[in-house]
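Input: a single structure, listed below in structure tokens.
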Amino acid sequence: MANFLDTSVLRLSHATLRFGKRTLWSGLNAHVLPGEFVAVLGPNGTGKTTLLKIILGAARLTSGNISVFGMAPGQNNSRIGYVPQQKNFDKFLPIRGRDLVELGINGNRFGWHNHKAAVGQVRIAVSLVKADAYADNPIGLMSGGEQQRLRIAQAIVGNPSLLLCDEPLLSLDLPSQTLITHILDDYRKRTQASIVFVTHEINPILPYVDKVLYIANGKWIIDTPEKVLQSEVLTRLYGSPVEVLRHNGRLLVIGADEAAGNTQGMHHEEHA
């Protein structure tokens, strides 16, 4: 566990995750400081989504230690905003978009809450993600991209100190990806909140990322993007040739899917 001098928002020490006989990662040592933007990369099935669930206290490490705000996972979830992997809502779900956002304030509470104050917070969050035009529509009748913007609003409406984002840019076109990424980074800069961002696509967030945690082949590496996203580094991680190309500020990783045995493409939900 973190000691009283530890300023980390999140710390993992000698952390191991196994499913049956399969080790997804072991001996993971990582920490996230206030205001840091950490990208979590790697092929499907490497435990990226499960890592977020462990931080929330909804899953457990096989071995090792984790602290969140200096305490055990699950004890400070009111300080965490969470954007889960996207699943479309039932088209008959009888709640509006702004009702979904309000759940980010009071969805984990029972009894009375200050609805009038919440309305103001919701209005600000909805405006930040540019969803004012459709926030009063039924959530189930919105496009996937519109729904995702409102999930982002739900995550930030409670002013969290840690944002956990699981593939939040899926179903968004490039302008919307740029907008959402800017919104998250602007929130981080204004509040010194930390962001842990699971993604298959690094380019939209690359200008904002402080550290990359890359998990593959049962191994991991965490460092700055410049040190992690190198051909030699990823080749060692995967255990087979991987090439990282750079062009006009964008990265292309060639061979990673083949090295991981992933034939399903880059944007499929992982199940570990």
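The values are calculated or read from the model by the stated rules, or taken from the named source; none is laboratory data. Note that this is a predicted model, so its numbers are computed, not measured. All Cβ positions, even for glycine, are placed from backbone atoms using ideal geometry, and neighbour counts span all protein chains on display.
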Selection from region 209-218 of residues that are surrounded by fewer than 19 Cβ atoms within 10 Å (Cβ to Cβ) and at pLDDT 95 or above: D210
Qualifying residues in region 211-234 (those that are in contact with a strand residue (DSSP E or B) (Cβ under 6 Å, 6 or more places away or on another chain) and in a helix (DSSP H, G or I)) - the one nearest to T23 (Cα to Cα): V228
For A117, work out the one condition from (1) touching a Ser or Thr at 6+ places or on another chain (Cβ under 9 Å); (2) without any contact (Cβ under 8 Å) to a residue 12 or more places away in the chain it doesn't fulfil. (1)
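Just for region 27-72: of the residues that are part of a helix (DSSP H, G or I) and among the polar types (S, T, N, Q), which one is nearest to the chain's Cα centre (by Cα)? Walk me through it before giving the result.
Residues of region 27-72 that are part of a helix (DSSP H, G or I), as a first pass: 48-56.
Now drop any that are not among the polar types (S, T, N, Q), which leaves 49-50.
Working: T49: 8, T50: 11 Å.
Checked region 27-72; the qualifying residue nearest to the chain's Cα centre (by Cα) is T49.
Hey, could you check region 133-163 for residues that are more than 26 Å from T191 (Cα to Cα) and among the polar types (S, T, N, Q) and say which is modelled with the lowest pLDDT? Spell out the reasoning first.
Filtering region 133-163 for residues more than 26 Å from T191 (Cα to Cα) gives 133-134, 136-144.
From the residues that got through so far, the ones that are among the polar types (S, T, N, Q) too are 137, 143.
Values: N137: 96, S143: 87.
Filtering region 133-163 for residues that are more than 26 Å from T191 (Cα to Cα) and among the polar types (S, T, N, Q), the one modelled with the lowest pLDDT comes out as S143.
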Which one is nearest to E201 (Cα to Cα) among residues in region 24-39 that are surrounded by fewer than 16 Cβ atoms within 10 Å (Cβ to Cβ) and either modelled with pLDDT under 95 or in contact with a His (Cβ under 9 Å, 6 or more places away or on another chain) (or both)? N29
Please specify each residue of region 183-207 satisfying the condition of being crowded, with 18+ Cβ neighbours inside 10 Å and part of a helix (DSSP H, G or I). I183, L184, Y187, R188
Quick check: anything in region 76-85 basic (K, R) and either modelled with pLDDT of 95 or more or assigned to a helix (DSSP H, G or I) (or both)? yes
Scan of region 135-158 for residues that are farther than 12 Å from D99 by Cα, in a loop (DSSP other than H, G, I, E, B) and not aliphatic (A, V, I, L, M), ordered by number: S143, G158
In region 30-76, the residues that are among the polar types (S, T, N, Q) and touching a residue at least 40 places away in the same chain (Cβ under 8 Å): N44, T46, T49, T50, T62, S63, N65, S67
Can you pull out every residue in region 164-201 that is among the acidic types (D, E) and modelled with pLDDT of 90 or more? D166, E167, D185, D186
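With respect to S171, is the statement that it is of a type in the set (S, T, N, Q), surrounded by fewer than 19 Cβ atoms within 10 Å (Cβ to Cβ) and touching a residue at least 60 places away in the same chain (Cβ under 8 Å) true? Walk me through it before giving the result.
Details: of a type in the set (S, T, N, Q): yes; surrounded by fewer than 19 Cβ atoms within 10 Å (Cβ to Cβ): yes; touching a residue at least 60 places away in the same chain (Cβ under 8 Å): yes.
Yes.
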Every residue in region 40-92 that is surrounded by fewer than 21 Cβ atoms within 10 Å (Cβ to Cβ), among the charged types (D, E, K, R) and within 26 Å of G145 (Cβ to Cβ), please. K53, K87, D90, K91
